[in-house]
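Okay, structure first, notes after.
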Amino acid sequence: MSFASTFYNAVAKRNSVYVSAIFASAFGFSVGFDAAVTSFWDKWNQGKQWKDIRQKYIQEEES
């Protein structure tokens with residue numbers, strides 16, 4: 001069987017399965033893309049973000 005007929009029989013034959021597959025792939029892509037962009041941003045701006053320099057400006061409360 002070719003890829004197209006396998007894809008059609010597994011995913012696209014029924015509209016509900018097709019739409020569910022589209023939503024699941026969009027969700028997975030958004031999670032992966034967000035993780036990749038956040039990782040890139042953190043590496044590109046290392047040492048410049050608040051989470052990196054917070055220790056210089058915030059002192060722990062003395063008990």
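Laboratory data are not the source of any read-out in this text; all were calculated from the coordinates shown. Note that this is a predicted model, so its numbers are computed, not measured. Positions of Cβ are backbone-derived with ideal geometry, glycine not excepted, and every protein chain shown enters the neighbour counts.
For this structure, a couple of remarks:
- The alpha-carbon of Lys56 sits under 28 angstrom from the alpha-carbons of these lysines, leaving out residues fewer than 8 places away in its chain: Lys43, Lys48.
- Against the chain, whose longest principal axis is taken from its Cα atoms, helix 15-44 shows a tilt of about 30°.
- Computed about the Cα centre, the dipole magnitude for the chain is approximately 460 debye when only Lys and Arg (+1) and Asp and Glu (-1) carry charge, each at its Cβ.
- Farthest toward the positive end of the dipole of the chain, out of Val37, Gln55, Ser5, is the Cα of Ser5, where the dipole comes from beta carbon charges about the Cα centre.
- Here the Kirkwood formula, the inverse mean of 1/r across different C-alpha pairs, assigns the chain a hydrodynamic radius of 15.9 Å.
- Label zone at Asp52 (point 7 Å along Cα-to-Cβ), backbone N below 11 Å, region 19-41: 41
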